[in-house]
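Have a look at the structure below before the remarks.
All of the numbers you see were taken from the coordinates with simple rules; none came from a lab. These numbers were taken from a predicted model, which means no experiment stands behind them. For neighbour counting, all protein chains shown are included, and Cβ atoms are generated from backbone atoms with ideal geometry for every residue, glycine included.
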Amino acid sequence: MSDPSDTICALASAHGRSALAVVRVSGAGSLQIWEKIFKVKKAARGMPPRSVTLGDIVDPDLGTVMDQAIAVCYRAPKSYTGEDMTEYTIHGSPVLVAALLHCICSLGARLAEPGEFTMRAFLNGKMDLTQAEAVRDIVDSTTLFQAQVAAMQRSGEISGKIRPLKESLIDIVVQLESAVEFVDEDLPVDTRAIVLEKLRTAIKDIRKMIDTHRAGRVIREGFRMAVVGRPNVGKSSLFNALLEQDRSIVMDMPGTTRDLVAEHTSIQGIPVRLMDTAGLSARPDSAEGLGIEKTYRAISDADAILIVVDRSRVPGEEDLRIRSELENLPCMVVLNKNDLESRWSLENIEMFAGEWPRIEVSAKYGDGIERLRSLIFKEIFGSGAVERDDVLITNLRHRSCLEALEGELLLAVRSFEEGLSEEFPLMHLHKSLKHIGEITGETSVEDLLTEIFSRFCIGK
Ligand SMILES: Nc1nc2c(ncn2[C@@H]2O[C@H](COP(=O)(O)OP(=O)(O)OP(=O)(O)O)[C@@H](O)[C@H]2O)c(=O)[nH]1
Ligand SMILES: [Mg+2]
């Protein structure tokens, strides 16, 4: 870990040319550097904390004005990092930014490493580890929904859930410790029952949180969805309709799509990698054969599959073959071309779709596409219908800690059930408290911190 007593600086806005650029400085030297490089426009009014000041950025050696800037100064501990901090908003020329950073470094600061500002915020107790990780997720978000979920975590949602759990476990530990301390006083039988009940409730709560990870992971990382079916059923038309752009070629000729076409989009705020595939046909020519190989790869890579069928053509052997090939996979059946007369009876549909959810659309005219989006959203999240305001575990690290915590609590319960003396459940409870600490960062090791914060961008 780099020296946390250094004064650090970085460009906090995006790299490249822009209207404005924000340069941040944090650490004990920030305010002296301000005095040397920032000349306030009006008569000197000192450095009012947390209010914007208009002034000139001045080269400390030459005394020349480099740019006009708006600057904010924060005094420890009332800043993002908990240290003295300054922020300069200058015009967004990369040359100016480089010159300003150079001046700041020449006055004793150094360039920050990725995530170093947020790491300091964490080390100075401004936020716990789950909140710091959420900062990175906010910056990395590609949909508004992702950003909203991350913002909830940034405000301490996960820690808020964990805190009462921790308090209840500490209560139990204290009770057991005193039973161990005063050896002649065995834990009364009814107290044992209460403790067991508390532990079982805690395990249930933890399991609930772990179970949100499936949905949480999808929100954070998105999912992959393949559009498959026989040739000419309207796969590319559906792909384009979901993307809301003419990305894949549509023609009234089977075998139009011969290669995989993939594009990123979002469905109700969830990032999706959507794949249009070559039609699955029993006797492909050689070029189609290659495409079909990729189709199968896309199918095995996908988290969800849209099987498109042409409702205006009588179902045949080919449809049944595809059905049996995709058996047991997470499919949704899209009955396409519902603007034309239907040749599929309800029985045909029932036989084909079986357990899979199904929906009628007209990819060409857009009918049913919005309903399809809702169906996909529901299917991806499972019928347990995660509400948008539920606490969601999006991060694999949190899930692993929760699983380790659950494991220890189950062992503690088992030692109680087996009638072992208090030392045994106590040992597991102490381990479980350690796992709770790992989630929020109270018991994190240095390596873990370095690993987490190195995935941030510089300036954050
Ligand atoms: N009437 C009607 N025609 C459709 C609909 N969807 C697609 N089509 C037509 O069906 C034909 C095939 O459409 P594509 O989207 O290229 O079908 P595909 O499944 O991608 O075909 P391949 O790439 O050859 O496997 C085109 O003429 C489309 O205009 C629909 O909902 N209604
Ligand atoms: Mg196609």
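Numbers for the structure displayed
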{"quantity": "Burial ranking of peptide ranges 334-340, 124-130 (average Cβ count within 10 Å, highest at the top)", "calculated": "334-340, 124-130"}
{"quantity": "Least to most buried among Phe122, Phe117, Phe416 (fewest other Cβ within 10 Å first)", "calculated": "Phe416, Phe122, Phe117"}
{"quantity": "Aspartates and glutamates with Cα under 13 Å of Lys41, excluding same-chain neighbours fewer than 8 positions away", "calculated": "Asp56, Asp67"}
{"quantity": "Student exercise, the stretch 8-128 dipole from Lys, Arg, Asp, Glu Cβ charges, in Debye to nearest 20", "calculated": "380"}
{"quantity": "Burial order of peptide ranges 84-90, 21-27 (average beta-carbon count within 10 Å, highest first)", "calculated": "21-27, 84-90"}
{"quantity": "About the Cα centre, charge dipole magnitude for the chain (Lys/Arg +1, Asp/Glu -1 at Cβ), debye", "calculated": "1760"}
{"quantity": "Potential lengthening between Leu260 and Ala19 on full extension [0.36 nm per residue; Cα-Cα distance subtracted]", "calculated": "82.8 nm"}
{"quantity": "Cross-link partners of Lys78 among lysines (Cα-Cα below 18 Å; sequence separation of 8 or more within a chain)", "calculated": "Lys126, Lys460"}
{"quantity": "DSSP-assigned coil residues among chymotrypsin sites (Phe, Trp or Tyr not before Pro) in the stretch 129-233, each with at most 14 further Cβ atoms within 10 Å", "calculated": "Phe182"}
{"quantity": "For the chain, alpha-carbon Rg relative to the globular expectation (2.2 N^0.38 Å, N residues)", "calculated": "1.31"}
{"quantity": "Reach of Lys235 by Cα under 29 Å, taken over lysines that are not fewer than 8 positions away in the same chain", "calculated": "Lys294, Lys337, Lys364, Lys378"}
{"quantity": "Mean Kyte hydropathy of -1.0 or more with a Cα span along the axis of at least 24 Å, helices from DSSP in the chain", "calculated": "157-181, 189-211, 396-417, 423-440"}
{"quantity": "Of all DSSP beta bridges in the chain, antiparallel share, percent nearest 5", "calculated": "60"}
{"quantity": "The stretch 219-381, relative contact order in percent, only Cα pairs under 8 angstrom and at least six apart counted", "calculated": "25"}
{"quantity": "Whole-number percent relative contact order across the chain, with pairs defined as alpha carbons under 8 Å at least 6 apart", "calculated": "17"}
{"quantity": "Three principal axis lengths of the stretch 8-128 [C-alpha, angstrom, descending]", "calculated": "41, 33, 25"}
{"quantity": "Kirkwood Rh in Å, taken over the stretch 219-381 so that all alpha-carbon pairs contribute", "calculated": "15.6"}
{"quantity": "Two-site FRET efficiency, Met251 against Glu451, from Cβ-Cβ distance with R₀ of 41 Å, rounded to 0.05", "calculated": "0.25"}
